[in-house]
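Engineer: Handing you a structure now.
Each reported figure results from applying straightforward, stated rules to the coordinates on display, with no laboratory input. Only a predicted model underlies this, so the values are computations on that prediction, with no experimental measurement involved. Virtual Cβ from ideal backbone geometry, glycine too; neighbours counted across all protein chains shown.
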Amino acid sequence: MANSYDLIIIGGGPGGLSAAIYGGRAKLKTLVINKGAIGGLVNTTREIVNYPGYGQISGPDLMKDFKKHAETFGVEFIKGEVTQTDFSQAEKKVVTKKGQEFLAKAVIVACGSEPRLLNIPGEKRLRGMGVAYCATCDAEFFEGEDVVVVGSGDQAIEEGMFITKFARKVTVVVLHDEGILDCNKVSAERALNHEKMEFIWNSTIEEVVGKENVEGVKIKNLKTGSTSELSCQGVFFFVGMVPSTGYLKDSGIEMDKRGYIPVNELMETNLEGVYAVGDNRVKYLRQVISAAGDGATAAVAAERYIEEVNDFNSNVLQSDKKVLLLFFNAQDNESLKYRTALEELNEKLGTDYKILSVDMATKKNLAEKYAIKTIPSVVVLDKGTEINRLEGLEESLERLI
Amino acid sequence: MSLKQLRTAGFEEVIYDNGEPCLVIFSRKDCHVCKEVVPVLEELQPKYENKFGFYYVDVEEDKALFQRFSLKGVPQLLFFKDGEYLGKQAGKVEEDQVEERIADILE
C-alpha cells in the first residue's frame, strides 16, 4: 500500500528529525508529517550557542541541516496536520486534516508545543493588533513605541532584549519578587542593567485594553491586590508553552493534565508501538539536544519493536507447525536449560513442534501480550491461537505436549 | 503555486484600480507563523482562480505598505473588494476561517 510505512513521525522539530535520521538509517520506511515549517519551535530561535559542534547557528539553519541529513537516508516528508489517530490496531492509523490516511507499524509523537495563552480579556481580540508572541516576527512593528513583555523565562528576557532594538522602552511584568527572573543568569544580569528595560515585580496582567489596537494593559500587583493601568502599544506574551497534544485526547495515550505524555526510558507510551519525544513528554530539560536524544532513543526502540512484530508474524502467527514459545531470561541458567529439555522432549515424542525462545529482557512487548509472570513459561500456539501453557519449573513438561 | 508578490508600486493598481476581490498576506521571511499560513493560502489559491485574488507583501521589502495599514504584526491577511478595505485576520489563521471570509466577500 502506498500509504503504508514502517515508521511515522508526527512533527518535524529536532526530536522528530533525529528520529527520522535514525529510522531512515535503520532502513525503516519512514514518513515525517509536519504541519508548519520544518524545524518547529526551533525556528523561533535566532541564535543557538549550545548545540555541540555548532559554535553559533540560527535555529532555522540548524533545522535545515537536520532535515538534509534525514533526506540522505531516504526519509519522506509530507506537509499536513494530524487531527485523528487510531492506535488500537497493529497497523496504526494517522489521519490529516485534509483526510489523508497513513498507516505505520510504529508512530513517534514529536509535535512539540505552542505558546500558552493567558486567556485574559483583549488577548485574543487584539492579536496582531499589538498582542504578539514572536519577537523575531513582530518587534520591528514597534519602532519607537512602548512595549510590555509578560514573563521572565529565557524566552521572555532574551526576546525582550531583542525588542529594545526597536522599541523606545520595554517593560517586563514579572510574577516574582524584585530581582528574581526565571531566565539564565547571564541574560538576567544583562536585562537588569539594560537602559531600555524596566521591571514591574510581583505582578501579572489582567487585561489588554484598546479598541482597534493595543492601547495599554491592566497590571495587577499580586502582593497588594491593587490594579494599575500602563499605556503601551504592544504586549508580548512569553508565559510558557503547552504541548500540542490536544488531537491525541481520544487516542488512548496517557497524558498528564497539562497534556504531557509520560514515557519510560525507551520513550514508550502506554500504547505498544507508540512513542513520545521532546516537548511532548514529561521531562526535565527542554532543549534541542535533549529532544534530539529522545528522537534517537524512540527510533531505535521503534526499530526493535517493528523487527519483533515482523519476526513474530512470519515465524509464529503464520507458522504451519504448532509453536512452543519459551519465555526465558538470559541471566537465569535454569531457564536456559529449559530450551534443551524442550528440544529433547520434542524429539523423543516426535511431535515436530517449532520451538522459539523469547528473551524477556528484550521482548518485553511479547511478554506483556501473553501476560507472562514467571520464568520460564511456555505458551503453545496453533496458527497464532494459544492452546496451552505452562508456567514455572515445577510443572511437568509432558503435560504440555 | 506560490503567491504573487505585490510591491508598493503595483499595489494601487491591483487593489484599487482593478478592484478585484482579493486577499493580501503581509508576511516576512523569518516569521515562523507566516511559514505556516502561506502554504495554506497557496493551496487555496487554485480553487478560487479567476474569482478571488491571492497576493503577498513582504514587509521588509515594502515597509511603506505595512505602515500605511498601521499593522502591528505578521502574518496578517487583509481583504479587499472594489478597492475597499474589508478588514483583516491576524496570526495563525486556519484554512476554514479564510474560506469563510472569502465566501462572505464573494456573496
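Engineer: Among the residues of region A:142-159, write down those that are over 22 Å from B:Glu60 (Cβ atoms) and in contact (Cβ under 8 Å) with a residue 40 or more places away in the chain.
Structural biologist: Across region A:142-159, the qualifying residues are A:Asp146, A:Val148, A:Val149, A:Val150, A:Gly151, A:Gly153, A:Gln155, A:Ala156.
Engineer: Filter region B:3-36 down to the residues that are out of contact with any Cys (no Cβ under 9 Å at 6 or more places or on another chain), free of Cβ contacts under 8 Å to residues at least 12 places away in the same chain and among the charged types (D, E, K, R) and list them by number.
Structural biologist: Those that are out of contact with any Cys (no Cβ under 9 Å at 6 or more places or on another chain), free of Cβ contacts under 8 Å to residues at least 12 places away in the same chain and among the charged types (D, E, K, R): B:Glu12, B:Glu13, B:Lys35.
Engineer: On to the next question. Give all pairs with beta carbons closer than 9 Å in which a residue from region A:370-383 that is closer than 20 Å to A:Glu272 by Cβ meets a residue that is part of a loop (DSSP other than H, G, I, E, B) and small (Gly, Ala, Ser); count only pairs at least 6 apart in sequence or on separate chains.
Structural biologist: Sorted first by the residue in region A:370-383, then by its partner, the pairs are A:Ser377/A:Gly392; A:Leu381/A:Ser319.
Engineer: Another one. Looking only at region A:183-214, filter to residues that are free of Cβ contacts under 8 Å to residues at least 24 places away in the same chain and part of a loop (DSSP other than H, G, I, E, B); which one of those is farthest from A:Val172 (Cα to Cα)?
Structural biologist: That would be A:Lys211.
Engineer: Related question: Which of the numbered conditions does B:Arg101 fail, given that it passes all the others? Conditions: (1) within 14 Å of chain A (Cβ to nearest Cβ); (2) surrounded by 14 or more Cβ atoms within 10 Å (Cβ to Cβ).
Structural biologist: (1)
Engineer: I would also like to ask the following. Return a yes/no flag: does region A:52-74 have any residue that is touching a Gly at 6+ places or on another chain (Cβ under 7 Å) and of a type in the set (Val, Ile, Thr).
Structural biologist: no
Engineer: Given B:Gly10, B:Gly19, which one is farther than 22 Å from A:Glu140 by Cβ, in contact with an Asp or Glu (Cβ under 9 Å, 6 or more places away or on another chain) and surrounded by fewer than 22 Cβ atoms within 10 Å (Cβ to Cβ)?
Structural biologist: Just one listed residue meets the conditions, B:Gly19.
Engineer: For the structure I just gave you, tell me whether B:Gly53 is more than 14 Å from chain A (Cβ to nearest Cβ) and out of contact with any strand residue (DSSP E or B) (no Cβ under 7 Å at 6 or more places or on another chain).
Structural biologist: In short, no.
Engineer: Considering only residues of region A:215-245 that are assigned to a loop (DSSP other than H, G, I, E, B) and of a type in the set (S, T, N, Q), which is nearest to the other protein chains (Cβ to nearest Cβ)?
Structural biologist: A:Gln233
Engineer: Separate question: I'm checking my understanding of the structure. Among residues of region B:31-48 that are of a type outside the set (A, V, I, L, M, F, W, C) and within 11 Å of A:Gly36 (Cα to Cα), which one is farthest from the other protein chains (Cβ to nearest Cβ)?
Structural biologist: B:Pro39
Engineer: Look through B:Leu3, B:Leu23, B:Leu65 and report the one residue that is under 29 Å from A:Thr45 (Cα atoms), in contact with a helix residue (DSSP H, G or I) (Cβ under 8 Å, 6 or more places away or on another chain) and more than 14 Å from chain A (Cβ to nearest Cβ).
Structural biologist: Within the list B:Leu3, B:Leu23, B:Leu65, the selection yields B:Leu3.
Engineer: For region A:150-190, which positions are among the acidic types (Asp, Glu) and touching a His at 6+ places or on another chain (Cβ under 9 Å)?
Structural biologist: Once the filter is applied, which keeps residues that are among the acidic types (Asp, Glu) and touching a His at 6+ places or on another chain (Cβ under 9 Å), region A:150-190 yields only A:Asp182.
Engineer: Another question, then. Would you mention how many residues in region A:185-197 are surrounded by 13 or more Cβ atoms within 10 Å (Cβ to Cβ) and either of a type outside the set (A, V, I, L, M) or out of contact with any strand residue (DSSP E or B) (no Cβ under 8 Å at 6 or more places or on another chain) (or both)?
Structural biologist: The number of residues fulfilling the criteria is 5.
Engineer: Can you tell me which residue in region B:1-36 is nearest to the chain's Cα centre (by Cα), limited to those that are under 17 Å from B:Gly87 (Cα atoms) and hydroxyl-bearing (Ser, Thr, Tyr)?
Structural biologist: Restricting to residues being under 17 Å from B:Gly87 (Cα atoms) and hydroxyl-bearing (Ser, Thr, Tyr), the top hit is B:Ser27.
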